[in-house]
Amino acid sequence: MKTLLSAFTAVVSLGLLAVNADAANLVLYTSQPNEDAQATVDGFMAANPDIKVDWVRDGTPKIMAKLMAEIEAGNPGADLLLIADTVTLERMKQAGQLLAYKSPEAANYDASLYDADGAYYSTKLITTGIMYNTAAGMKPTSWKDLAKPEAKGLVAMPSPLTSGAALIHAQTLAGVDGLGWDYYKQLQANGATAAGGNGAILKSVASGEKAYGMVVDYMPIREKAKGAPVEFVFPEEGVSAVTEPVAILSTTKNADSAKKFVDYVLSEKGQEGFLKLGYIPARNGMPVPEGFPARDTIKLLPINAAEALKASDADLKTFSGIFGTN
């Protein structure tokens, strides 16, 4: 009897193990704000109720430091990434750390917004421009306005050491004629501060602690809609943009489910979710959120992901040399 009971217990245990192995559980590492990450995951799980997704959130440099340490230890914790920029994912692609997947949804995107081999796909356009407190004495229209005497000691920006979007922004402006790294030297000489991430800049300007800030578009536009005393400007020279790409790690054990996640965030339904959260969708033919100008009126400044990748270490040293290591 004990033998039969043991055998039955073993069979039941094996059956439970089989069920657990088949149950798809994905882990997403993301730099999205907490509420946005939860909304993205909730939308996917509503469309795919048999797949559970857990997520871990931090700024791109920190979440990547965590992931790289895990990869080094031979135990990466993520199946998927949804982070700030393509430059970081280009590095991972070149290291063989991403799974190439040709999503059928790519047909609805400009070729410049995804990797030709399917290693990563842009999900939205997040530009960096100028926000200002409505009590500020100057209403900026140009990046150069932040280096004027009227803005002395009143400008804050996120640090590229903390924010992936801030690094892309600095690299982008550094390549613009009439701006370049000399522009950042002018900002530093004018008392601008560079520390933390975009959220800290939003709070600083909205509270009136600072009058002006470099920040990603959706934050001040959202807060203005809630009644905050802030405005957002797309400067006349143009804006940098990160595209919050999604990618699958080559080490995932849940490739089929991970591919469904990629397809979902690129689908019209997934893009509508980002639109509702206040982002410009990357997918062609989609509207823009309330409070944004028409998409074809926004001047995007160019950046080459492969070239930016090569220059990243040097650019971080240059920025740190100007502003310190905050």
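Some observations on this one:
- None of Ile201, Ile248, Ile168 is in contact with a strand residue (DSSP E or B) (Cβ under 9 Å, 6 or more places away or on another chain) and at pLDDT below 95 except Ile168.
- Residues that are aliphatic (A, V, I, L, M), under 23 Å from Glu223 (Cα atoms) and part of a loop (DSSP other than H, G, I, E, B) do not occur anywhere in segment 88-109.
- The number of residues in segment 201-211 that are surrounded by 20 or more Cβ atoms within 10 Å (Cβ to Cβ) and closer than 17 Å to Ser163 by Cβ comes to 5.
- Single match in Asp256, Asp177, Asp217, Asp182 (criterion: within 22 Å of the chain's Cα centre (by Cα) and acidic (Asp, Glu)): Asp217
- Hits in segment 29-85 - residues which are assigned to a strand (DSSP E or B) and surrounded by 21 or more Cβ atoms within 10 Å (Cβ to Cβ): Tyr29, Thr30, Val53, Leu80, Leu81, Leu82
- Residues satisfying the stated conditions in segment 235-265, i.e. of a type in the set (A, V, I, L, M, F, W, C), more than 22 Å from Ala305 (Cα to Cα) and surrounded by 18 or more Cβ atoms within 10 Å (Cβ to Cβ): Ala258, Phe261
- Pairs where the first residue, in segment 86-103, is farther than 16 Å from Glu307 by Cα and in the same structural domain as Ala282 (by TED's automatic domain parsing) and the second is at pLDDT 95 or above and of a type in the set (Asp, Glu), C-beta under 8 Å, 6+ apart: Ala100/Asp117; Ser103/Asp263
- Within segment 269-286, being at pLDDT below 95 and among the aromatic types (Phe, Trp, Tyr) holds for one residue alone: Tyr279.
- Taken over segment 169-193, the residue count meeting the criterion of being within 12 Å of Leu316 (Cβ to Cβ) and surrounded by 23 or more Cβ atoms within 10 Å (Cβ to Cβ) is 2.
- Screening segment 266-277 for residues that are more than 15 Å from Ala119 (Cα to Cα) and among the hydrophobic types (A, V, I, L, M, F, W, C) and picking the one that is surrounded by the most Cβ atoms within 10 Å (Cβ to Cβ) gives Phe274.
- Meets criteria (more than 30 Å from Ala156 (Cα to Cα) and surrounded by fewer than 19 Cβ atoms within 10 Å (Cβ to Cβ)) for Gly137: no
The values are calculated or read from the model by the stated rules, or taken from the named source; none is laboratory data. Here the structure is a predicted model, which means the values were calculated and not measured. When we count neighbours, we look across all protein chains shown, and the Cβ atoms used for this are built from the backbone with ideal geometry, even at glycine.
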